[in-house]
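For reference, the structure discussed in these notes is given below.
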Amino acid sequence: MASKIQIEVVSAEESIFSGEAEFIVAPGLMGELGIYPRHTPLLTNIKAGALRIKLPNENDEQLIFISGGILEIQPGLVTVLADTAIRGHDLDEAKALEAKRLAEELIKSNASEVNYAQAQAELSEALAQLQAISRLRKKIH
């Protein structure tokens with residue numbers, strides 16, 4: 001029997017996921033973080049991207065898009081406090097593509113009232129969503 005770790009994924013709006021996992025992959029600031037049971041305690045920021053959860057006795061991973069937040073690892077419990085979290089099957093590719101297009105247009109404009117940091121953050125989030133959608137499609141096919 002494989003060992004398991006409890007994971008809680010919470011956004012500002014709701015609890016997105018609560019259950020046991022064999023392992024978890026989170027989008028860390030410096031790259032992906034692989035988390036297995038008995039992982040060393042850790043508290044770190046995470047960036048926008050796909051949170052992958054390998055459920056016990058299932059071949060596929062659960063995919064949740066997170067727009068950033070905090071990851072806390074304690075013995076037996078992983079908590080993801082996400083700014084925004086969307087279940088993989090709820091991601092909207094058309095909406096993400098439109099957000100990417102608008103952010104790119106805003107960055108390209110030379111208007112003085114443009115908040116470039118905000119536009120860059122929106123572009124990064126849209127690109128991360130599109131990458132999560134692409135990963136989800138590869139799993140399905």
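Structure summary
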quantity	calculated
Approximate spin-label separation R87-S109, in nm, with each point projected 7 Å along Cα-to-Cβ	3.7 nm
Total formal charge among the other residues, if their Cβ is under 12 angstrom from that of E125, Lys/Arg +1 and Asp/Glu -1	+1
Estimated distance in nm for a label pair at I70 and Q131, the labels positioned 7 Å out from Cα along Cα-to-Cβ	2.4 nm
Cα-projected label distance for Q118 with E58, points at 7 Å along beta-carbon direction, nm	3.8 nm
Net charge of neighbours whose Cβ lies under 11 Å from the Cβ of Y36, counting Lys and Arg as +1 and Asp and Glu as -1	+2
R0 of 25 Å, Cβ-Cβ distance R38-E13: FRET efficiency to nearest 0.05	0.20
Net charge over other residues, Cβ less than 11 angstrom from the Cβ of D83 (K, R count +1; D, E count -1)	-1
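Where a number appears in this text, it was derived from the coordinates with a stated rule and is not lab data. Since the model is a prediction, treat every value here as computed from it, not as a measurement. Don't worry about glycine lacking a Cβ; one is built from the backbone with ideal geometry, like all the others, and counts go over all protein chains shown.
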